[in-house]
1. Quick check for me: using +1 on Lys/Arg Cβ and -1 on Asp/Glu Cβ, what's the dipole size of the range 107-211 about its Cα centre, in debye to the nearest 20?
2. Whenever you get a sec, line up Thr96, Thr63 from highest to lowest accessible area (probe 1.4 Å, protein heavy atoms).
3. I'd like the carbon and sulfur percentage of the solvent accessible area for the chain, probe radius 1.4 Å, heavy atoms only, ligands and nucleic acids excluded.
4. Can you give the angle from 0 to 90° between the axis of helix 24-50 and the longest principal axis of the chain, with both taken from C-alpha atoms, to the nearest 10?
5. Counting only helical runs of four or more DSSP H residues, what would the 222 nm mean residue ellipticity of the chain come to if each run contributes -39,500 (n - 2.57) and the total is spread over all its residues?
6. Hey, if we sort Ser203, Ser67 by accessible area with the 1.4 Å probe, largest down, what's the order?
7. Expressed as a rounded percentage, what relative contact order does the chain have, with Cα pairs under 8 Å and six or more residues apart?
8. What is the Cα radius of gyration of the range 35-133 over 2.2 N^0.38 Å, N being its residue count?
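The values are calculated or read from the model by the stated rules, or taken from the named source; none is laboratory data. Predicted, not measured: the structure shown is a model, and the values here were computed from it. Note that each Cβ is placed from the backbone with ideal geometry, even for glycine, and that neighbours are counted across all protein chains shown. We work out accessible area using only protein heavy atoms, side chains counted, and drop any ligands, DNA or RNA first. Shrake-Rupley method; radii C 1.70, N 1.55, O 1.52, S 1.80 Å.
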Amino acid sequence: MPQSTTLTVRSEALQKPSPPIHPLAVRITHWINAFAMIVMILSGWGIHNAYPTLPFAFPEWMTLGGSFPGALRWHFAAMWLLVINGGIYLAYGFLTDRFRRKLLPIWPRDVLRDALAAMSGKLDHEDFSTYNAVQHALYAGVIAAGVLAIITGLAIWKPVQLKEITSLFGDFDNARIMHFAAMCTIVLFLAVHVTMSLIVPKSLRAMIIGR
């Protein structure tokens with residue numbers, strides 16, 4: 001091959017853009033899921049204040065809906081958005097093998113190692129195409145918490161019509177407690193996730209533009 005042709009091929013290879021870190025489908029479903037989860041959390045706190053699961057109340061400014069009926073309307077609207085969009089997200093992750101490639105394996109020893117490295121400021125954040133062990137555990141955990149929140153939500157929404165689902169958790173009250181626990185897990189994840197995005201803003205840009 002002539003030298004000029006070789007240089008042209010190498011130049012084209014260098015100019016060819018690399019695949020996006022986060023495909024468009026992942027970015028769209030990610031932001032819709034984030035919006036739906038936040039609406040469900042804030043409206044869920046309003047529902048909790050009207051019908052407490054535990055003996056405390058959230059400040060009114062942290063709730064959505066303005067009243068029990070209003071909070072219910074917001075909660076159910078966001079529920080269907082999360083179910084539909086979350087279903088698309090899960091289907092894409094499984095069908096494209098993205099979940100296996102991005103989230104597995106999860107080894108407790110590796111999670112502890114990377115958690116200690118993160119707390120000491122020694123965890124590498126340069127390669128956003130690969131998740132570290134802490135991210136493996138966090139992302140897999142929040143997906144599981146989201147699925148649990150939906151299932152327990154159905155159980156307490158229609159405890160008679162969907163009694164088979166409700167019975168999986170023992171009874172209505174246990175399903176409410178599990179629903180609340182799933183919400184707490186998601187809130188904790190969001191707190192860590194947002195904090196890390198602020199510490200490493202390039203990760204936020206990658207979820208917006210894909211690179």
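1. Magnitude of the dipole: close to 180 debye.
2. Putting Thr96, Thr63 in descending order of accessible area: Thr96, Thr63.
3. So the carbon and sulfur contribution to the accessible surface is 71 percent.
4. Tilt of helix 24-50: around 20 degrees.
5. It lands at -24500 deg cm²/dmol.
6. Ranking Ser203, Ser67 by accessible area, largest first, yields Ser67, Ser203.
7. 21
8. So the Cα radius of gyration is 1.51 times the expected 2.2 N^0.38 Å.
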